[in-house]
Amino acid sequence: SDLKISYRHHIAKMGDFEKAWGVCCDLLSKPEFKVKLAEFVDKNCDVFEDEEENKLEYTSLHNHYVEMADDAVSDGLVAALGSDFDMVAFLQAVPGYLEKVGKGEEKGTTASEEAIDVLLNFTSFESFKETMLLAKKNKKSGGPDAVQSKDVTLDEEMKKMLEMADTGEWRGIKQEKWFKA
């Protein structure tokens with residue numbers, strides 16, 4: 001089909017997917033990337049309430065968060081791989097890669113698994129809201145897990161979400177029936 005031909009053309013034009021994916025994983029694991037996102041969470045988490053109904057402001061904040069993360073990743077990929085890097089082709093190739101990893105046809109690394117989780121959490125409003133509520137709770141508790149603006153990272157929130165997933169309080173996107181990795 002034309003779509004498959006176009007898809008293959010984009011992949012060939014894009015260059016090595018593995019190299020681009022490696023750069024993407026590196027970008028998502030960099031402390032400065034995590035700090036930038038965590039500062040946004042710390043600055044905006046107080047707006048969120050643990051209620052069923054979502055305020056319009058939540059959507060606006062989520063959109064800004066996604067845009068900020070998207071810009072950082074796409075700018076980083078272009079900076080590392082050159083101005084002819086085809087972001088559209090890369091994004092088209094990601095689902096196929098995820099499917100291969102899910103089927104065991106492609107070997108995923110720990111960095112890949114972390115990158116997949118981070119990328120999926122960017123686009124999930126529910127995950128974003130959970131992160132904001134957890135950050136707000138930690139901030140208000142003032143305990144040892146409280147988020148501090150000067151050295152904030154999302155690592156602690158991610159650990160707490162994983163603990164919640166283990167106890168059944170929260171489940172990750174990868175466990176959703178509609179998600180096919």
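The values are calculated or read from the model by the stated rules, or taken from the named source; none is laboratory data. On a predicted model such as this, the values are computed, not experimentally measured, just so you know. Cβ atoms come from the backbone with ideal geometry, glycine included; neighbour counts cover every protein chain shown. All accessible areas refer to the heavy atoms of the entire protein, side chains included, with ligands and DNA or RNA removed. Shrake-Rupley method; radii C 1.70, N 1.55, O 1.52, S 1.80 Å.
In table form, for the structure just shown:
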| quantity | calculated |
| --- | --- |
| Candidates 122, 85, 90, 128 - the one that is within 19 Å of residue 39 (Cα to Cα) and either of a type in the set (Ser, Thr, Tyr) or modelled with pLDDT under 90 (or both) | 122 |
| Considering residues of segment 23-45 that are without any contact (Cβ under 8 Å) to a residue 60 or more places away in the chain and under 17 Å from residue 78 (Cα atoms) only, the residue most open to solvent (accessible area, probe 1.4 Å) | 30 |
| Extreme residue, surrounded by the most Cβ atoms within 10 Å (Cβ to Cβ), among residues of segment 50-63 that are in contact (Cβ under 8 Å) with a residue 12 or more places away in the chain and not hydrophobic (A, V, I, L, M, F, W, C) | 62 |
| Among residues of segment 69-79, those that are open to solvent by 30 Å² or more (accessible area, probe 1.4 Å) and over 15 Å from residue 21 (Cα atoms), counted | 1 |
| Residues of segment 74-130 satisfying the condition of being part of a helix (DSSP H, G or I), of a type in the set (D, E, K, R) and over 25 Å from residue 40 (Cα atoms) | 99, 100, 103 |
